[in-house]
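The values are calculated or read from the model by the stated rules, or taken from the named source; none is laboratory data. This structure is a prediction, so every number in the text was calculated from the model and none was measured. Cβ: placed from backbone, ideal geometry, glycine included. Neighbour counts: every protein chain shown. The protein model used for the area step is the full one, side chains on, heavy atoms only, and it has no ligands, DNA or RNA in it. Shrake-Rupley method; radii C 1.70, N 1.55, O 1.52, S 1.80 Å.
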Amino acid sequence: MLQIMLAYTRTAQFVPTGIETDVDTFIALPEALSLTRCPACVGNDYWTKSRTWICNSGCSSRAVLPAEVVCRH
């Protein structure tokens, strides 16, 4: 399964959103406002799909499938 990741704006860390998906489902997701709690600072961050990417579970760096690239296909 792939993990939806985002760059948390307050800490500049890459954090998982807690959502696992596959490529087709990720592409079909709407550009809706979502909320994730950062495990580093325990703050909340609002995000949209365009600020995310997907990677294998357990990855710790920016992955190869940012939303703006995946969703063009």
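When you check residue 28 against the structure, is it at pLDDT below 80 and hydrophobic (A, V, I, L, M, F, W, C), yes or no? No. Cβ-Cβ distances below 7 Å connect the following pairs, each with a first residue in region 37-60 that is open to solvent by 40 Å² or more (accessible area, probe 1.4 Å), a second residue that is at pLDDT below 75 and not in a strand (DSSP E or B), and a separation of six or more residues or different chains: 40/11; 41/10; 41/11; 50/67; 50/68. Within region 1-12, the set of residues being open to solvent by less than 60 Å² (accessible area, probe 1.4 Å) and either modelled with pLDDT under 85 or not β-branched (Val, Ile, Thr) (or both) comprises 2, 3, 5, 6, 7, 8, 11.
For residues that are open to solvent by 60 Å² or more (accessible area, probe 1.4 Å) and not in a strand (DSSP E or B), scanning just region 13-36, find the one that is nearest to residue 2 (Cα to Cα). Among residues in region 13-36 that are open to solvent by 60 Å² or more (accessible area, probe 1.4 Å) and not in a strand (DSSP E or B), the one nearest to residue 2 (Cα to Cα) is 22.
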